[in-house]
């Protein structure tokens, strides 16, 4: 149910398909499943302040050629320490000359003090770093006051899949043009902005258009996010266009997720703050264009693919116009759909992304052995 977990699972599958052996060190959240598989070691217990020592001991037992850490602050935060336990782990790996790579899933063009401090120290300890967009790499010297030479740009991968047939029928959307907002409910996602403008979209695009809001708050979410969900659903109930809005509430398994995206004609990512989004890569994988806010990796992927529209963050009028255009222009929709499919096949299909990772691993091994 976590974007980084989905990313990691797909990357691991692609690496194994390329003939590499991958062992997985993960959290102790066994209710999420997967811990009975071979080569899976659930030892990260964030309730234990010294969890990094157990990870280190496991790595020493496994004797890998390279250690690859998928980093997002929430995955490793203990008592608000901004992933501090990762740093002594990297230090010990460095001392033992065990090559290390870290993918930074939360790198922004402007880093806060805690984020900049963590990034500064960790980049000095890892052999190689990975970010998903060139803009993230370009702004690192501005934030760190030095130029790291070990940063690689590898886009978020996407599956080579065929959209699920009859998906619209499954969700009662037959004959409708469907725009989709999907993901964990959070104020940063700004789904409420799309709900606000939807009555005007219906007036301009016709009554056969449907906005689907799909997702839920994360399990164990704070009361603030639960209140946000209630406010979001209330906004839908009170909308003059509520008959043209459908909600699908839940934490979706991969098949259900793919079915929901397949039922859409395009996705909307109206985020207020973002580095990149796995939802965008998954949309492209299922041949869906996207309308995104013009932020960092989101904007970069739209520019690289040509498979959608980027609008200024917070500009609801431009967002409304873009949604209406994509709903009413068959030629534009067809062009963006074809570009999404081509972009995945030629650039970000996991087979290609796995090969790029293997090159980074090899480079890290050579660096550590130097």
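The values are calculated or read from the model by the stated rules, or taken from the named source; none is laboratory data. Fair warning: this is a prediction, and the values are worked out from it, not measured in the lab. For neighbour counting, all protein chains shown are included, and Cβ atoms are generated from backbone atoms with ideal geometry for every residue, glycine included.
In region 222-260, what count of residues is obtained for those that are farther than 20 Å from residue 208 by Cβ and either in a helix (DSSP H, G or I) or out of contact with any helix residue (DSSP H, G or I) (no Cβ under 8 Å at 6 or more places or on another chain) (or both)?
First pass over region 222-260, keeping only residues farther than 20 Å from residue 208 by Cβ: 222-235, 237-238, 249-259.
Of the ones still in play, those that are also either in a helix (DSSP H, G or I) or out of contact with any helix residue (DSSP H, G or I) (no Cβ under 8 Å at 6 or more places or on another chain) (or both) are 222-235, 237-238, 249, 251, 253-259.
Residues flagged as farther than 20 Å from residue 208 by Cβ and either in a helix (DSSP H, G or I) or out of contact with any helix residue (DSSP H, G or I) (no Cβ under 8 Å at 6 or more places or on another chain) (or both) within region 222-260 amount to 25.
Considering only residues that are in a helix (DSSP H, G or I) and more than 22 Å from residue 279 (Cβ to Cβ), which ones fall in region 182-221?
Once the filter is applied, which keeps residues that are in a helix (DSSP H, G or I) and more than 22 Å from residue 279 (Cβ to Cβ), region 182-221 yields 199, 200, 202, 203, 204, 205.
Give 345, 340, 307 a once-over and let me know the one that is surrounded by fewer than 21 Cβ atoms within 10 Å (Cβ to Cβ) and under 19 Å from residue 286 (Cα atoms). Walk me through how you get there before you give the answer.
Values: 340 fails: surrounded by fewer than 21 Cβ atoms within 10 Å (Cβ to Cβ); 307 fails: surrounded by fewer than 21 Cβ atoms within 10 Å (Cβ to Cβ).
Exactly one residue qualifies, and that residue is 345.
Name, by its number, the condition in (1) in the same structural domain as residue 152 (by TED's automatic domain parsing); (2) in contact with a helix residue (DSSP H, G or I) (Cβ under 6 Å, 6 or more places away or on another chain) that does not hold for residue 292.
(1)
Please work out if residue 8 is crowded, with 17+ Cβ neighbours inside 10 Å, part of a loop (DSSP other than H, G, I, E, B) and in contact with a strand residue (DSSP E or B) (Cβ under 9 Å, 6 or more places away or on another chain).
Details: crowded, with 17+ Cβ neighbours inside 10 Å: yes; part of a loop (DSSP other than H, G, I, E, B): no; in contact with a strand residue (DSSP E or B) (Cβ under 9 Å, 6 or more places away or on another chain): yes.
No: the conditions fail for residue 8.
Identify all residues within region 93-112 that are over 19 Å from residue 75 (Cβ atoms) and more than 23 Å from the chain's Cα centre (by Cα); write none if there are none. Working first, answer last.
Taking region 93-112 as the starting set, the residues that turn out to be over 19 Å from residue 75 (Cβ atoms) are 94-99, 109-110.
The answer is 94, 95, 96, 97, 98, 99.
Yes/no matrix, rows are residues, columns are (1) modelled with pLDDT of 95 or more; (2) surrounded by fewer than 20 Cβ atoms within 10 Å (Cβ to Cβ); (3) closer than 20 Å to residue 315 by Cβ; (4) not assigned by TED's automatic domain parsing to the domain that holds residue 130:
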site: 150; (1), (2), (3), (4): yes, yes, no, no
site: 178; (1), (2), (3), (4): yes, no, no, yes
site: 181; (1), (2), (3), (4): yes, no, yes, yes
site: 184; (1), (2), (3), (4): no, yes, no, yes
site: 189; (1), (2), (3), (4): no, no, yes, yes
site: 193; (1), (2), (3), (4): yes, no, yes, yes
site: 196; (1), (2), (3), (4): yes, yes, yes, yes
site: 201; (1), (2), (3), (4): yes, no, yes, yes
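Counting residues that are at pLDDT 95 or above, which helices (runs of 4 or more DSSP H) fully inside region 14-119 reach at least 2? Break it down into steps so the answer makes sense when it comes.
Values: elements: 51-62, 73-76, 86-95.
It comes to 51-62, 86-95.
Residues that are modelled with pLDDT of 95 or more: find the helices (runs of 4 or more DSSP H) completely inside region 280-370 holding 3 or more of those. I'd like the intermediate steps shown before the answer.
Numbers: elements: 296-305, 316-328, 330-343, 350-369.
Those helices (runs of 4 or more DSSP H) span 316-328, 330-343, 350-369.
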